[in-house]
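One structure below.
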Amino acid sequence: MEHNANLKEIFQVFIKLGTIGFGGPAAHIAMMHEEVVIKRKWMAEQHFLDLIGATSLIPGPNSTEMAIHIGYIKGGWKGLLVAGFCFIMPAVLITGFFAYLYRSYGQLPQVQPFIYGIKPAVIAIIIGAVYPLAVKSIKSLLLGLIAITVLTASILGINEICLLFGSGLLSSAVFYIQKMRTDKLQSFTPFALMAIPQTAFCSGVDSKLFLIFLKIGAILYGSGYVLFAFLDTELAAKGLLTKQQLIDAIAIGQFTPGPLFSSVTFIGYQINGLSGAAISTIAIFLPSFIFVALLHQLMKKLRTSKGLAVFMDAVNVASIALIAAVCLAMANEAITDWRTIAIAAISCIAIFKLKKINSALVVILGAVLGYFLAYL
């Protein structure tokens with residue numbers, strides 16, 4: 001049974017997730033799963049899976065869109081705004097503080113020992129969420145084969161959007177071939193990409209930043225790390241940002257909680273101070289709020305059409321496989337010695353043995369262990 005939530009509850013959940021959400025979209029979704037499905041029972045596993053699949057099909061930061069959509073479902077328009085704002089703002093404020101220090105002193109604070117321990121702890125959190133979601137989503141042999149294929153293809157570098165839509169289309173084709181019937185299938189057309197021409201710049205640096213980041217937020221598919229390829233093309237290559245500033249922006253995104261897109265706060269501040277930071281942040285996240293509001297209307301029809309339900313089942317499985325692929329890539333990067341192996345193992349034991357342990361405690365545990373073990 002799914003429960004309603006008031007704005008205070010929505011605020012509490014997403015301000016917490018925005019503050020402790022280290023590790024990128026996969027980790028954020030894992031933490032949301034713990035909060036809204038397991039702990040608070042706001043929605044069923046299947047509903048949560050549908051949200052993961054649906055938000056994977058639209059541009060923008062997936063975990064931010066998950067937060068916005070959950071807020072919309074539980075609290076309407078006010079819930080949408082509260083969830084999105086609370087999930088985004090902690091990262092924006094922390095990033096803005098680092099941006100100020102960087103611009104004033106020319107360097108970033110030394111936080112690597114903490115990140116050293118947080119990364120393997122976050123991997124354990126992702127594993128803890130992916131396992132039950134995978135069990136729930138793999139309902140047939142075909143879906144199991146799709147999961148294995150998508151996981152393998154993602155590791156080999158195949159584009160994730162091709163994998164998502166390809167999985168859905170393949171599953172739909174098999175469904176209609178097996179049934180051999182002529183049901184009316186409502187066409188599923190993904191949202192058109194918002195191509196915003198940069199030739200229409202208004203005067204002023206802030207106007208230019210707004211249009212650049214609005215365009216990126218409206219057309220960027222995939223993980224947040226794809227953002228930096230866009231930034232290199234749109235800003236560094238045109239002299240608005242130095243390569244070193246771009247590299248430091250990537251570092252900021254890696255060691256701050258919340259959505260990776262908050263890195264644009266740092267970038268906007270370097271380019272045009274406080275106003276640049278505010279304008280850039282608003283522009284990059286604005287399309288996500290619009291897309292989710294539109295997507296909400298489509299979600300109502302997903303389970304009423306058998307054809308669309310089959311499509312979404314395959315997309316859900318593919319989405320979980322993509323999260324697993326991200327987890328493997330993170331593990332390859334973060335688990336490099338006996339210390340990180342120990343932190344990951346301790347975190348996994350805590351998550352699977354202590355069912356009610358809060359993910360925030362796991363993150364803190366990882367940070368503390370990382371700080372002390374890094375000097376051994």
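When you go through Ile290, Ile284 one by one, which is the residue that is open to solvent by less than 10 Å² (accessible area, probe 1.4 Å) and either on the phi > 0 side of the Ramachandran plot or among the hydrophobic types (A, V, I, L, M, F, W, C) (or both)? Let's see the steps before the verdict.
On the way: Ile290 fails: open to solvent by less than 10 Å² (accessible area, probe 1.4 Å).
Answer to the selection: Ile284.
Take Thr189 and decide whether it is at pLDDT below 85, among the β-branched types (Val, Ile, Thr), under 30 Å from Leu214 (Cβ atoms) and assigned to a helix (DSSP H, G or I).
Numbers: at pLDDT below 85: yes; among the β-branched types (Val, Ile, Thr): yes; under 30 Å from Leu214 (Cβ atoms): yes; assigned to a helix (DSSP H, G or I): no.
Spelling it out, it is not the case that Thr189 is at pLDDT below 85, among the β-branched types (Val, Ile, Thr), under 30 Å from Leu214 (Cβ atoms) and assigned to a helix (DSSP H, G or I).
Could you tell me whether Phe97 is of a type in the set (Phe, Trp, Tyr) and at pLDDT 90 or above?
yes
I'd like to check something: does region 32-47 contain any residue that is closer than 21 Å to Ala360 by Cβ, in contact with a helix residue (DSSP H, G or I) (Cβ under 6 Å, 6 or more places away or on another chain) and of a type in the set (D, E, K, R)?
Yes, that holds for at least one residue.
For region 341-349, does any single residue satisfy the condition of being open to solvent by 20 Å² or more (accessible area, probe 1.4 Å), modelled with pLDDT of 90 or more and under 22 Å from the mean Cα position of the chain (by Cα)? Write out each step before concluding.
As a first pass, look at region 341-349 and keep what is open to solvent by 20 Å² or more (accessible area, probe 1.4 Å): 341-342, 345-346, 348-349.
If we keep only those that are modelled with pLDDT of 90 or more as well, we get 341-342, 345-346, 348-349.
Among the residues that remain, those that are also under 22 Å from the mean Cα position of the chain (by Cα) are: 348.
Yes, region 341-349 has at least one match.
Could you go through region 230-247 and let me know if any residue there is on the phi > 0 side of the Ramachandran plot, free of Cβ contacts under 8 Å to residues at least 40 places away in the same chain and surrounded by fewer than 21 Cβ atoms within 10 Å (Cβ to Cβ).
Of all residues in region 230-247, those on the phi > 0 side of the Ramachandran plot come to 239.
Adding the requirement that they be free of Cβ contacts under 8 Å to residues at least 40 places away in the same chain leaves 239.
Subset that is surrounded by fewer than 21 Cβ atoms within 10 Å (Cβ to Cβ): 239.
Yes - at least one qualifying residue is present in region 230-247.
Of the conditions (1) at positive phi; (2) of a type outside the set (Val, Ile, Thr); (3) surrounded by fewer than 21 Cβ atoms within 10 Å (Cβ to Cβ), Gln12 satisfies every one except a single condition; which number is it?
That leaves (1) as the condition not met.
Exactly one condition in (1) modelled with pLDDT under 85; (2) open to solvent by less than 50 Å² (accessible area, probe 1.4 Å); (3) closer than 29 Å to Ala360 by Cα; (4) within 17 Å of the chain's Cα centre (by Cα) is not met by Leu295; state its number.
(3) is the only condition that Leu295 fails.
Quick test of your reading of the structure: Pro61 fulfils all but one of (1) closer than 23 Å to Ile351 by Cβ; (2) touching a Phe, Trp or Tyr at 6+ places or on another chain (Cβ under 6 Å). Name the failing condition by number.
(1)
The values are calculated or read from the model by the stated rules, or taken from the named source; none is laboratory data. Bear in mind the structure is a predicted one, so any value in this text is a computation, not a measurement. For neighbour counting, all protein chains shown are included, and Cβ atoms are generated from backbone atoms with ideal geometry for every residue, glycine included. Note: accessible area is taken over every heavy atom of the protein model, side chains too, but ligands, DNA and RNA are not part of it. Shrake-Rupley method; radii C 1.70, N 1.55, O 1.52, S 1.80 Å.
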